[in-house]
1. Restricting attention to segment 255-272, report how many residues are open to solvent by less than 40 Å² (accessible area, probe 1.4 Å) and either over 19 Å from residue 41 (Cα atoms) or over 19 Å from the mean Cα position of the chain (by Cα) (or both).
2. Here is a list of conditions, (1) in contact with a Leu (Cβ under 9 Å, 6 or more places away or on another chain); (2) closer than 20 Å to residue 263 by Cβ, and residue 124 meets all of them except one; can you say which number that is?
3. Out of segment 251-270, which residues are in contact with a Cys (Cβ under 7 Å, 6 or more places away or on another chain) and polar (S, T, N, Q)?
4. List the number of the failed condition for residue 126; all other conditions in (1) open to solvent by 40 Å² or more (accessible area, probe 1.4 Å); (2) touching a Gly at 6+ places or on another chain (Cβ under 6 Å) hold.
5. If we keep just the residues of segment 89-106 that are closer than 20 Å to residue 67 by Cα and touching a Gly at 6+ places or on another chain (Cβ under 7 Å), which is surrounded by the most Cβ atoms within 10 Å (Cβ to Cβ)?
6. Return the total of residues in segment 186-221 being assigned to a loop (DSSP other than H, G, I, E, B) and open to solvent by 10 Å² or more (accessible area, probe 1.4 Å).
7. Taking interchain pairs and intrachain pairs at least six residues apart, which have beta carbon atoms under 6 angstrom, with the first residue in segment 152-164 and farther than 9 Å from residue 120 by Cα and open to solvent by 10 Å² or more (accessible area, probe 1.4 Å) and the second away from the ligand (no atom under 16 Å from the Cβ) and in a strand (DSSP E or B)?
8. Mind checking which residues of segment 127-185 are among the polar types (S, T, N, Q), away from the ligand (no atom under 16 Å from the Cβ) and part of a loop (DSSP other than H, G, I, E, B)?
Amino acid sequence: MKVICASALGMCFGVRDAIRAAERVTDPAGVTILGEIVHNPAVQEALARRGFKAVDEAAGRDGLPSTPGVLITAHGISHRRHSELEVSGRRVVDTTCPLVRHVHDCAQRFRQEGRFVVVIGRAGHVEVMGITGDLEHFAVVDEPEDVRDWGHPRIGIVCQSTTPPHRAEEIRAAIAAANPHSEIEFYDTICRPTKDRQRAVLDLLPQIDILVVVGGRRSNNTRQLALLAESRGVEAMQVECAADLDMDRLRRHRVAGLTAGTSTLDGAIHEVHRALLSVKPERKSRPTAVEAVCAMFRGCSPDENHDSGRMAPSARAAGPWK
Ligand code: SF4
């Protein structure tokens, strides 16, 4: 199987920094992690082996942990919760990503301006819960269908950092249409690593038959990469490790794209990449969009182009994980 890696994929600086901060903790048995430091099972297991306690993301919002120390994940928490922990005397290790902090700051600016705050993102996601934990008047919108006429003269919109840019634009337009008498301000708070990974997938899609996305099942940005491919008519397979690969499905394809969410360890990407390279396609798959167009201009059928095994010149085969 031919494997083309996305030009931007895998772990972002925010997650790397959070993991490093956890590694520097010298008394892990005395520290409770509020939720998952990243949505990555391998990282969770490694932290548990070191002795860290962990509480469920939602449950972690209530009450105080039993340990003297507490670690805030890259997803952040509300200022209220932060103060509660500090007042209780807990030692706080804060690994909140600076780009999540930026979302909090923007939402607070809107609140101070007296705006009704709309957060584009997933209700119940820990990052969104942290942002809305400091707001009184707000709505969380995940789909254009969730948009209402909120009857507020001034609206401020922010995005969960891992929102797909096209989704944010759709929802922003729906908000403007449903609230024609409101003065609306929008802060694009989608983080750069998310945008880079989304754009890289869009670049890949015309060259591939199937997109394999490596990342935790609970990772929003991982899920969004798979959804992006499916929304453009390209099959996607989301896996946490090579053992999750559906080999029967893969054998029906010839060219796979490979990408990974922002909390995926390099080792997991390597492992999946190696497994993909070992797949022997059963039969010719349909031509990719790029191959079909090239074949049309050459005057040959896409299948002839297939047999040659040629790839579009822009295709970056295998990449650093070959
Ligand atoms: S995905 Fe973006 S916001 Fe989240 S930790 Fe990474 S860089 Fe920060």
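The values are calculated or read from the model by the stated rules, or taken from the named source; none is laboratory data. If you're wondering where the values come from, they're calculated on a predicted model, not measured in any experiment. Every residue, glycine as well, gets a Cβ built from its backbone with ideal geometry; the counts of neighbours run over all protein chains shown. Accessible surface areas use protein heavy atoms only, side chains included; no ligands, DNA or RNA. Shrake-Rupley method; radii C 1.70, N 1.55, O 1.52, S 1.80 Å.
1. Number of matching residues: 4.
2. The single condition residue 124 does not satisfy is (1).
3. 262, the sole residue that qualifies.
4. (1)
5. Top of the filtered list is 96.
6. Selection size over segment 186-221: 6.
7. If the second residue must be away from the ligand (no atom under 16 Å from the Cβ) and in a strand (DSSP E or B), the pairs left are 152/116; 154/183.
8. 179, 182
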